[in-house]
Amino acid sequence: MSADELVDVVDEAGVTVGVVTRGEMRARRLPHRCVYILVFDRSGRLFVHLRTATKDVYPSHWDVAVGGVLAAGETFDVGAMRELQEELGVTTPMEAVAPFRFEDERTVVHAVIYRAAHDGPFHLQAEEVVRGEFVTRDELHERARHERFCPDGLAALAEHDRLRRTA
């Protein structure tokens, strides 16, 4: 998504209250909609990927979720399918896990967390993904202590795990 593409601005309840360019949304840190897709293989390992240095938020960070900002008017389900196809080059059924809200000094998002199962191979989108691999939870926790991971993705994974424990 380029800086000129349009995105919805949302209020505290996630209701669309306006439309701006992605560049303006980032510059003004406006709340917007996005999706987080956690991709697991058959053995339960999670796909993680290294974001390119040109990403507009969390560049050169590892991420546990595929996904991103929704286009203006795009539904969460359509956006999730588009993001999975764009970033990994695959389509596969997904389960919507839960709504999710995240805020830090860089971004404010109203999102939906999805869970998908796919063993690869993937065709990674070179503009957004440097490389990726499946990791166990233990490997992820060890790497997160020493490497930069997107805080929103880690928070989405924590919420996913919390909900699965209580289900």
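The values are calculated or read from the model by the stated rules, or taken from the named source; none is laboratory data. Since the model is a prediction, treat every value here as computed from it, not as a measurement. Note: ideal-geometry Cβ built from the backbone for every residue, glycine included; neighbour counts use all protein chains shown.
Observations, loosely collected:
- Test: residue in the stretch 128-144 that is in a loop (DSSP other than H, G, I, E, B) and in contact (Cβ under 8 Å) with a residue 12 or more places away in the chain: yes
- Residues satisfying the stated conditions in the stretch 106-137, i.e. of a type in the set (Gly, Ala, Ser) and surrounded by 13 or more Cβ atoms within 10 Å (Cβ to Cβ): Ala111, Ala116, Ala117, Gly120, Gly132
- Residue selected from the stretch 55-99 under the condition under 11 Å from the mean Cα position of the chain (by Cα) and of a type outside the set (Gly, Ala, Ser), by the criterion farthest from Val20 (Cα to Cα): Val64
- Given (1) part of a helix (DSSP H, G or I); (2) free of Cβ contacts under 8 Å to residues at least 40 places away in the same chain, index of the condition Pro59 fails: (1)
- Among (1) at pLDDT 95 or above; (2) part of a loop (DSSP other than H, G, I, E, B) - the single one Asp77 does not satisfy: (2)
- All of Ala71, Ala98 fail the test of being at pLDDT 95 or above and part of a loop (DSSP other than H, G, I, E, B), apart from Ala71.
- Which numbered condition His49 fails, given (1) over 15 Å from the mean Cα position of the chain (by Cα); (2) under 25 Å from Arg137 (Cβ atoms): (1)
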